[in-house]
Amino acid sequence: MANKVEVKELLEAGVHFGHMTRKWDPNMAPYIYMERNGIHIINLYKTAAKIEEANEALKKIVASGRKILFVATKKQAKDIVAEKAAAANMPYITERWPGGMLTNFVTIRKAVKKMASIDRMKKDGTFLTLSKKERLQVDRLRAKLEKNLGSIADMTRLPAALFVVDIKAEHIAIKEAQKLNIPIFAMVDTNSDPRQVDYVIPANDDASKSIDKILSLVTSAIIEGHSERKSEKDEAAPATPAAPAAQTEVKATEE
């Protein structure tokens, strides 16, 4: 069972600060506690409950052996998401969202394979047979692919879910996931429409401290899901039979 989310910790991280009241989305009303100095304050008790609900669902996905794709391209979120997702062994997109990342996944996989083929060229010496100009072009292509797709190199099939920081900023990713009925987990601020998301985590999606706190809680649950899967696999593995060794001892005694 994932650890209980402490409201005090969320408060200290500034998760409760929403946007200015004039920028709000009325559909976020159920998650707003009050208005203070022209800013909406998020109800952290509801945030805590929603994190726990999301964590249980994420753990089940991971325990079944599937991947969750993390998406955050805004400046204050990208480094945090890259670090936390990598620690949880999950793919992530923190550079520009590649159009068709989900809806045209076959083409994206081809680009990832191209990256692997360049690596093979460098290992088997083919790369050195190219002219200086060609080597430079190949290196540039490899660097570009690594920047945009390196973090999803091991994602061989569509993710089972998306985790998004700021659904307004990542509206293209949201649309693609909706088209393919891929569940969306997201930090949703007071200026966004929560109806676009399957698992809403009402939270400040602008402050790095808030993003770090939510991501820490979410990825801890994912790591827990990994551990549960590993334990189940270990339990299911057949025990090594000891009988043949015993028989050998008996034969040796008879001789």
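A convex hull fitted to the Cα coordinates of region 159-214 yields 75 cubic angstrom per residue. In the structure shown, the pairs Lys110/Lys213; Lys59/Lys179; Lys123/Lys144; Lys110/Lys147; Lys50/Lys144 are assessed against 26 Å; a Cα-Cα span above that value is assigned to Lys110/Lys213; Lys50/Lys144. Of the GluC sites (Glu not before Pro) found in region 1-79, those that fall in a DSSP loop while having at most 15 other beta-carbon atoms within 10 Å are Glu6. Distances between placed amide hydrogens fall under 5 Å for Ile39 paired with Thr21, all partners being 5 or more residues away or on another chain.
How high is the FRET efficiency between Asp25 and Ala236 when r is their beta carbon distance and R₀ equals 51 Å, given to the nearest 0.05? So, using R0 = 51 Å, E works out to roughly 0.65. Here the chain has 52 percent of its accessible surface on carbon and sulfur atoms, given a 1.4 Å probe and all protein chains in place.
In order along region 136-150, the phi-based Karplus estimate (6.51 cos²θ - 1.76 cosθ + 1.60, θ = phi - 60°) of 3J(HN,Hα) comes to 5, 5, 5, 4, 5, 4, 4, 5, 5, 5, 4, 4, 8, 10, x Hz; Gly and Pro are listed as x. Could you give the distance between the Cα centres of region 20-87 and region 98-154, to the whole Å? Result: 33 Å between the Cα centres. Run down the aspartates and glutamates and flag those whose C-alpha is under 12 Å from the C-alpha of Lys122, throwing out any fewer than 8 positions away in its chain. Hits, sequence-local ones excluded: Asp139. Computing FRET efficiency as 1/(1 + (r/R0)^6) for Val138 and Lys74, where r is the C-beta to C-beta distance and R0 is 41 Å, gives about 0.85.
A simple rule links phi to the HN-Hα coupling: the Karplus curve 6.51 cos²θ - 1.76 cosθ + 1.60 with θ = phi - 60°, which for region 43-53 gives 6, 5, 5, 6, 4, 4, 5, 5, 5, 4, 5 Hz, with x for Gly and Pro.
With all protein chains kept in place, the per residue accessible area of the chain amounts to 56 square angstrom at a probe of 1.4 angstrom.
For Thr190, nonlocal amide neighbours, meaning residues 5 or more places apart or on other chains whose placed amide H falls under 5 Å from its own, are His19. For Phe70, nonlocal amide neighbours, meaning residues 5 or more places apart or on other chains whose placed amide H falls under 5 Å from its own, are Tyr92, Ile93, Phe163.
For Arg109 and Arg66, calculate 0.36 nm times their separation in residues minus their Cα-Cα distance, and state this gained length in nm to one decimal.
13.8 nm
Along region 187-202 the Karplus relation, 6.51 cos²θ - 1.76 cosθ + 1.60 evaluated at θ = phi - 60°, assigns HN-Hα couplings of 7, 10, 8, 5, 9, 10, 9, x, 5, 7, 10, 7, 10, 8, 10, x Hz to successive residues, with x for each Gly and Pro. Only bridges with both residues in the chain count here: give the DSSP antiparallel percent, nearest 5. Just about 30 percent of them are antiparallel. Taking the chain as a Gaussian network, Cα atoms linked when under 10 Å apart, which of Ala29, Ala88, Ala236 shows the biggest mean-square fluctuation? In the Gaussian network model the winner is Ala236.
Working from label points 7 Å from Cα in the Cα-to-Cβ sense, the Glu35 to Lys8 distance is 3.2 nm.
The values are calculated or read from the model by the stated rules, or taken from the named source; none is laboratory data. Note that the coordinates shown come from a computational prediction; the quantities given were computed from them, not determined experimentally. Here Cβ is always computed from backbone atoms with ideal geometry, including for glycine, and neighbour counts include all displayed protein chains. These area figures cover heavy atoms from the full protein model, side chains too; ligands, DNA and RNA do not enter into them. Shrake-Rupley method; radii C 1.70, N 1.55, O 1.52, S 1.80 Å.
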